[in-house]
1. Leaving out ligands and nucleic acids, note down the accessible area per residue over the chain with a 1.4 angstrom probe, in whole Å².
2. Counting only protein heavy atoms and a 1.4 Å probe, tell me what percentage of the range 141-278's accessible area is made up of carbon and sulfur.
3. When the scattering of the range 82-212 is computed by the Debye formula from its Cα atoms alone, each counted once and equally, what is log10 I(q)/I(0) at q = 0.11, 0.18 Å⁻¹?
4. Quick check on the chain: helices-only [θ] at 222 nm, where DSSP H runs of length 4 and up contribute -39,500 (n - 2.57) each and the sum goes over total residues. Nearest 500, please.
5. Note the full-extension length gain between T160 and D11 as 0.36 nm times their separation in residues minus their Cα-Cα distance, in nm to one decimal.
6. Rounded to whole Å and sorted largest first, what semi-axes of the equivalent ellipsoid does the C-alpha gyration tensor of the range 1-103 yield via the square root of 5 times each eigenvalue?
7. What FRET efficiency comes out for the pair R122/T152, r = Cβ-Cβ distance, R0 = 22 Å, nearest 0.05?
8. How long, wide and thick is the range 144-222, going by the Cα atoms along their three principal axes, in whole angstroms, largest first?
Amino acid sequence: MASDPQYPIRDVSRLTGINPVTLRAWQRRYGLLKPARTEKGHRLYSDDDIALIRQILHWLDQGVSIGQVKGLLASPEPVIGGSNWEQARTRLLDAAQALNLGRLETELHELASLYPAELLLRRVIEPWLAALVRQARPDRALIEQSARGLLTRVLYQILTIQSGPRIAVGRVGQVNELNVVMAQFELQGLECRSINLGQLEPQQLPLMSGRLQPDGLVVLLGAGLNAAWFKEMAPYWPDNCCFVGELGTLYQQQGWLDRPFAVSINDIARGPHAPFDMVQN
């Protein structure tokens, strides 16, 4: 027996981590979802729909393109993992190396409209950026700088959400500005608005908390921090603060970091000790 439709699209987004734009694209372009409608025409999803979305996410994570998922839902077959992600990374790398910024921009917008932010960052964007750095060619710096500049601009264009929890984002240590924008993109995928505070200083934090009153603060950890810095900053962190970044593991091992921490925003948002409410599972 089919389950009754009861969840509006915003609730489904919070339950699954898929933003409404992507959910609508999956329905309109690929016929993957068939939500019910209210009398006013608003989409209404059931528990079965949410289970189906999670199936779709499973196949995407295996490297299946969104265009191939519908057939696999009807008749699952073994899939060579990662093929779609590899193709996407190759397209981005080819466009960047050719300095074809128009094609690169089109590819980035297309990917952002079809895939969840966290999956896109982890499977495509971050490996692509790493591949740009590893290029052994005389024009590597030109290619990398132009690609990173375009990616920053595209992500800023995508940051359009106007509702949901308001999360402040700041950086400490050696963190590139692009990493902050990628964090904001990941937050938008969780239906959160974001405010970029830039490089954080101790005296800023009480002013920020009092004036902006954000629902949470995400601090991106970079290189170059030490025990003295963590001790100096400790009294200033608000209660609804968490740290994100791979270097947090090292700082925790040193005994310097005693706040909620995860490698990615999605990890900490869905964890049992999230200091603010972004996603409800």
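1. On the way: 13840 Å² over 281 residues.
That works out to 49 Å² for each residue.
2. On the way: 3070 of 6310 Å².
Answer for the range 141-278: carbon and sulfur cover 49 percent of the accessible area.
3. With one equal scatterer per Cα and no solvent, log10 I(q)/I(0) is -0.43, -1.01.
4. Numbers: 14 runs with 145 residues, N = 281.
The helix contribution divided over the chain gives -15500 deg cm²/dmol.
5. On the way: separation 149, 0.36 × 149 = 53.64 nm, distance 1.85 nm.
Once the chain is fully extended between T160 and D11, it gains 51.8 nm.
6. Values: eigenvalues 180, 63, 22 Å².
For the range 1-103, the semi-axes come out at 30, 18, 11 Å.
7. On the way: r = 19 Å, r/R0 = 0.84.
So, using R0 = 22 Å, E works out to roughly 0.75.
8. Per principal axis, max minus min of the Cα coordinates gives 38, 29, 15 Å.
The values are calculated or read from the model by the stated rules, or taken from the named source; none is laboratory data. Just so it is clear, the model here is predicted, and its values are computed rather than measured. Note that each Cβ is placed from the backbone with ideal geometry, even for glycine, and that neighbours are counted across all protein chains shown. For accessibility, only protein heavy atoms count, side chains too; no ligands or nucleic acids. Shrake-Rupley method; radii C 1.70, N 1.55, O 1.52, S 1.80 Å.
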